[in-house]
Amino acid sequence: MRSQTKSSLLPILWRFGLILEISTFSHRQVFADTLTLTQVLSLLESHNPSLANAKARQDLAEAALVTSKAYPNPELEVGGGTSTGIGPGALNGSNSQFVISQPLDLPFVREARRQIAEAGITSADEASRSVWLAVRSQTRLAFYEILRRQAELQISKDNEHLLVQIRDKIKLKVELGEAPRYEQVKSEAEALNALKLREMAETRVDDAKSALHMMFGPALPHQFEAEGDLPAPLATLPSLESMREEVLNNQPQLQQVRAEIQKAQSKVKYEQHLRYPQPTLKAGAQKDPGLEQWQVNIVIPLPIWNQRQGPIGEAQAELSQAETLANQQEFTVIRELENAYNRYRIAHRQVETFDAGLLKEAETVMKVAEAAYRLGERGIIDYLDAQRTYRSVRNDYLNARFDRQAALIDLDRLRATDLENL
């Protein structure tokens, strides 16, 4: 009797465990983590590899400064042997030698070397700021791209839901003989197209999340939902001239290439100063049988065969290259500024047009077409066209808002407005 009861309970327990496992899995899938832009940005400093690389470059420049300030080490020479006298009265015995050499670091050479290292630190610091601005902008763009794709997905879901309702209603009307067969075919095709658009929108959401994942790796949960909205646009857009001057004065990319010019100039001076002989001071003692000697010498190399024409020429070429790169970088940054400025103005005008009534008008036209179709005054094609136009207008409005925000992010990066948060 007990064995029968136990055997009858096993299927029930197995089913209960299966239901529990399914519910747990569903809970994990449904309740994904929700992330805001502030939470994502807080992970930048500790998890982004580009910032870690920039920090390593700063450490390298700091170490180079320590190296530039170091004095050359002295050299110690110790030797000994046996002396054998030759001739009458010569002494035999052991001998020894002790010599210490100290290369002398000329002050103007040392100063030029220090200037090279300090310019390198400035360049590394500006490069770090530039990377920080770029990564922060990329993160904001990637996060807002997720919000854009999620909004597109919601529009696709609304569209699919509406078209499925239209298809079901038309199918019922066709079955009752109140509508022709071609209306059902048309509604079925539109519903299938809505399903395809919704699936494509879901794929784009996943792609946008993958792009953000690439910037943080395992720091972000595998499944998450982006939560937030676009910030308010600029109250007034500054003039392009004022922005251009702001960029020329504050943009870290330009500050970096200018620091590279200073570094190259210091290197030219350093190579030119190295043409002067670098003396070495020597002092030592020598002991032979019956003889002790103390000497102080100075060794001066003679720049006869090698007057450093090659290193000086290389340094001058690097200076010319740095100046050319600075001019090119300035042109590139100003071009980016003009492009972002124009994109912002165009997108802002589009948003204002939609807000002024275009979006509302498209919705009104769709409702009028729906009412006319129900009253039999218009066909299904007119109604579906009006619905498709409304969906297109909603998507255009959404894209205009996010395009404006993307242009604003580029303007902030170029103007370096986020450096105060560094």
Separation of the Val164 and Gln39 label points, Cα + 7 Å toward Cβ, nm | 2.9
In the chain, what % of DSSP beta bridges are antiparallel (nearest 5)?
-> 90
Within 10 Å, count the other beta carbons around each residue, average over each peptide in 382-392, 324-334, 115-125, and list them highest first.
-> 115-125, 382-392, 324-334
If we sort 49-55, 239-245 on the protection proxy, mean other Cβ atoms within 10 Å, highest first, what's the order?
-> 49-55, 239-245
Between the stretch 373-413 and the stretch 203-250, how many Å separate their Cα centres?
-> 23
Tell me, what are the semi-axes, in whole angstrom and largest first, of the equivalent ellipsoid of the stretch 288-369 as set by the roots of 5 times the Cα gyration tensor eigenvalues?
-> 80, 17, 8
Cα-based shape type of the stretch 33-99, given that a ≥ b ≥ c are square roots of the gyration tensor eigenvalues and the cut on a/c is 1.5 = prolate
Sorted largest first, the Cα spans of the chain on the principal axes come out in Å as 144, 87, 34
Relative contact order for the chain: what is it in percent, counting Cα pairs under 8 Å that are at least 6 residues apart?
-> 22
For Ala326, what is the net charge nearby, where nearby means another residue's Cβ is under 13 Å from its Cβ and Lys, Arg count +1, Asp, Glu -1?
-> -3
Where does the stretch 77-165 land on Rg(C-alpha)/(2.2 N^0.38 Å)?
-> 3.22
Over the stretch 46-159, relative contact order from alpha-carbon pairs under 8 Å, at least 6 apart, % = 31
What ranking do 397-404, 293-300 get when scored by the average of other Cβ atoms within 10 Å per residue, highest first?
-> 397-404, 293-300
Bins of 10 Å from zero: percent of alpha-carbon pairs in the stretch 308-422 = 13, 22, 19, 16, 12, 9, 5, 3, 1, 0
Over what distance in Å are the Cα centres of the stretch 33-86 and the stretch 298-338 separated?
-> 24
Stokes-Einstein D in µm²/s, Kirkwood radius over Cα pairs - the stretch 183-255 at 37 °C with 0.692 mPa s viscosity = 187
Reference-scaled alpha-carbon Rg (2.2 N^0.38 Å with N residues) for the stretch 208-312 = 2.46
Taking every other residue with Cβ under 13 Å from the Cβ of Arg378 and scoring Lys and Arg +1, Asp and Glu -1, one gets -3
Using the beta-carbon distance between Leu65 and Arg335 and R0 = 41 Å, what value does 1/(1 + (r/R0)^6) give for FRET efficiency, to the nearest 0.05?
-> 0.75
Compute the Rg/Rh shape ratio of the stretch 259-318: radius of gyration over Kirkwood radius, all on alpha-carbon atoms.
-> 1.32
Considering only the other residues whose Cβ falls under 9 Å of the Cβ of Ala112, what net charge follows from Lys and Arg at +1 and Asp and Glu at -1?
-> +3
Distance between Cα centroids, the stretch 121-156 to the stretch 255-282: provide it in whole Å.
-> 39
What is the extension gain from Ile304 to Ala285, computed as 0.36 nm multiplied by their sequence separation minus the C-alpha to C-alpha distance, in nm to one decimal?
-> 3.7 nm
Here the percent of antiparallel bridges among DSSP beta bridges lying wholly in the stretch 210-357, to the nearest 5, is 100
For the chain, what is the calculated [θ] at 222 nm in deg cm²/dmol (nearest 500), taking -39500 (n - 2.57) for each run of four or more DSSP H residues and dividing by its residue count?
-> -25000 deg cm²/dmol
In whole Hz, with x marking every Gly and Pro, tabulate ³J(HN,Hα) for the stretch 265-273 from phi via Karplus 6.51 cos²θ - 1.76 cosθ + 1.60, θ = phi - 60°.
-> 5, 5, 5, 4, 4, 4, 5, 5, 5
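FYI, it's all coordinate maths here, none of it is from the lab. Owing to the predicted nature of the structure, the values given are computational and were not obtained by experimental measurement. Glycine also receives a Cβ, built like all others from the backbone with ideal geometry; neighbour counts cover every protein chain displayed.
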